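Worksheet: the structure to be examined is printed underneath.
The values are calculated or read from the model by the stated rules, or taken from the named source; none is laboratory data. The model shown is predicted, which means the values in this text are computed figures rather than measured ones. All Cβ positions, glycine included, derive from the backbone under ideal geometry; neighbour counts span all protein chains shown.
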Amino acid sequence: MDTVIVAFENRTMCQRFSELLESTGTAHCLTCHSGDQVRRLLSQRQAYCVICSPHLTDGPAEWLYEDLPAVCSLLLVGPQHVLDSCGSREVFKLPTPIRKEEAVSTVRLLLQFGHRMERFVRPKRSGAEQELVDRAKRLLMEREGYCEEDAHRMLQKQSMDAGCRMSQTARKILESYGVSS
């Protein structure tokens, strides 16, 4: 189950929102009441969503946005007139009063969004895999006279044709030239 952080200045609201998400199986909730507590929790655990009131005990929740990891969304929950004062277009807003189904579906969408964003921020290759690819390109450049761009394209094409990762193709090329991978 995914983890979300629920941060409301009002402890009752914090508890209710957490209970709703956990009872519906939407997410495991970590609760707190300040922006500083949210930052500490995010440094210890991965969360795809921070749900909070527009104002926390130590200031406006909108300030949190800049400190969130790329895969984590900020959802502000509060009265429409208060949400309207939040100028950031990257912050999601849910005006109160809200239906339980609306709250749950919104959080589920943000969790899906976080999972999809992971693909763009996670490195595609490990350092060791990238080193293999770089070594194979250098080898092709030295022995076959390719420029860097052509060597990369050749690796890419062979990988696609074989239906495997570039690092696997690079390993095969190195082995075919008798170079240990």
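Going through VAL71, VAL50, VAL38 one at a time, which residue ends up being of a type in the set (A, V, I, L, M, F, W, C) and assigned to a loop (DSSP other than H, G, I, E, B)?
Of the residues listed, the single one that is of a type in the set (A, V, I, L, M, F, W, C) and assigned to a loop (DSSP other than H, G, I, E, B) is VAL71.
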Filter result for the condition that a residue is surrounded by 15 or more Cβ atoms within 10 Å (Cβ to Cβ) and in the same structural domain as GLY59 (by TED's automatic domain parsing), over GLY25, GLY35
GLY35
Go through (1) modelled with pLDDT under 85; (2) over 25 Å from the mean Cα position of the chain (by Cα); (3) surrounded by 12 or more Cβ atoms within 10 Å (Cβ to Cβ) and name the single condition MET160 misses.
(3)
Residues being of a type in the set (Gly, Ala, Ser), touching a residue at least 24 places away in the same chain (Cβ under 8 Å) and under 20 Å from GLU22 (Cβ atoms): count how many of those fall in the stretch 88-120.
2
When the stretch 81-118 is examined, which residues are found to be at pLDDT below 95 and polar (S, T, N, Q)?
SER85, SER88, THR96, GLN112
Would you mind stating whether ARG119 is more than 27 Å from the chain's Cα centre (by Cα) and assigned to a helix (DSSP H, G or I)?
no
ARG143 - would you say it is more than 24 Å from MET13 (Cα to Cα), of a type in the set (D, E, K, R) and exposed (fewer than 14 other Cβ atoms within 10 Å of the Cβ)?
yes
SER85 fails exactly one of the following numbered conditions: (1) under 15 Å from ASN10 (Cα atoms); (2) surrounded by fewer than 16 Cβ atoms within 10 Å (Cβ to Cβ); (3) among the small types (Gly, Ala, Ser). What is the number of that condition?
(1)
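Let's see how each residue does on (1) closer than 18 Å to ARG108 by Cα; (2) free of Cβ contacts under 8 Å to residues at least 40 places away in the same chain; (3) not assigned by TED's automatic domain parsing to the domain that holds PRO97:
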position	(1), (2), (3)
SER18	yes, yes, no
ARG39	no, yes, no
VAL50	yes, no, no
GLY59	no, yes, no
ASP67	no, yes, no
LEU74	yes, yes, no
VAL82	no, yes, no
